[in-house]
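Structure first, then comments.
The values are calculated or read from the model by the stated rules, or taken from the named source; none is laboratory data. If you're wondering where the values come from, they're calculated on a predicted model, not measured in any experiment. Counting neighbours? That spans all protein chains shown, and the Cβs are built from the backbone with ideal geometry, glycine included.
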């Protein structure tokens, strides 16, 4: 990425995270041990319930629409998860006392236990925030790719540039590498998510992806050939009704074939996507153009670094 992160931005993020963690420790002390544990339980049940609601919404929507709404499962999951969290929190507030309602040694025990729960609660939310920032940064890169395909100037996408710079600032230096280790999602997940979206939106890139040696080897497998020629599979894939795919005999044969699984694992997805994009590890032009925004004080150095004109020396011309 030629749009560089900022150490100052990273420092502000660190300050904000520290203040948030201190606040959660103090809040945990005030709530006490029992309510602190119930708050963690509410977070867990909200995550489980929201995930289940999102999956059920996506499955139901596929029966009524050939193109299920993209954000419907997300909205349903957030609503259900938030409802579970608020419900458990209200019950905990009505049924159990806080630290200030106790005296003596019991008060200290409740307070210290609640503070520990507050630390755990804060660290969970900070870990989720890292995933959120990195995910939004990846979506920002996808937005710039779409802007380039539509012929729009990436310099006009100021909010997108902000999200990308926020992600790059978070991942900057040794501290950023440690924070990436906290994120359950690897860096390749975010990068490949952007590349897959760009490849799927470009027929030429999609054709090059199929021509990648590893992908070509996989697609030439007899099991994969039979699956591609299955009209039931094609119909279900076109309507995005994925439930019948689990009962498809060709899908089950592919999933249970050790040779297919081995060939699939041999594919380096990152290299295959770079091959499809014709990048071979080179940065996208959209990132170079984005860094050359009029508001960027480092626009000119970045533009020099991405010059595609080869340097010609006198020795090379004589040869």
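I'd like to check something: does segment 113-120 contain any residue that is over 18 Å from residue 197 (Cβ atoms) and not in a helix (DSSP H, G or I)?
no
Count, please, the residues in segment 267-279 that happen to be over 22 Å from residue 146 (Cβ atoms) and either at pLDDT below 80 or in contact with a helix residue (DSSP H, G or I) (Cβ under 6 Å, 6 or more places away or on another chain) (or both).
Of the residues in segment 267-279, 1 are over 22 Å from residue 146 (Cβ atoms) and either at pLDDT below 80 or in contact with a helix residue (DSSP H, G or I) (Cβ under 6 Å, 6 or more places away or on another chain) (or both).
Exactly one of (1) in contact with a helix residue (DSSP H, G or I) (Cβ under 6 Å, 6 or more places away or on another chain); (2) surrounded by fewer than 21 Cβ atoms within 10 Å (Cβ to Cβ); (3) free of Cβ contacts under 8 Å to residues at least 40 places away in the same chain is unmet by residue 140. Its number?
Failing condition for residue 140: (2).
Give me a count of the residues in segment 143-157 that are in contact (Cβ under 8 Å) with a residue 40 or more places away in the chain, in a helix (DSSP H, G or I) and surrounded by fewer than 19 Cβ atoms within 10 Å (Cβ to Cβ).
Counting residues in segment 143-157 that are in contact (Cβ under 8 Å) with a residue 40 or more places away in the chain, in a helix (DSSP H, G or I) and surrounded by fewer than 19 Cβ atoms within 10 Å (Cβ to Cβ) gives 4.
Among the listed residues 245, 219, identify the single one that is surrounded by 13 or more Cβ atoms within 10 Å (Cβ to Cβ), at pLDDT 75 or above and not assigned by TED's automatic domain parsing to the domain that holds residue 147.
Step by step, each of 245, 219 is checked, and only 219 is surrounded by 13 or more Cβ atoms within 10 Å (Cβ to Cβ), at pLDDT 75 or above and not assigned by TED's automatic domain parsing to the domain that holds residue 147.
Can you tell me which residue in segment 89-117 is farthest from the chain's Cα centre (by Cα), limited to those that are within 9 Å of residue 31 (Cα to Cα) and at pLDDT 90 or above?
Looking at residues that are within 9 Å of residue 31 (Cα to Cα) and at pLDDT 90 or above, I get 111.
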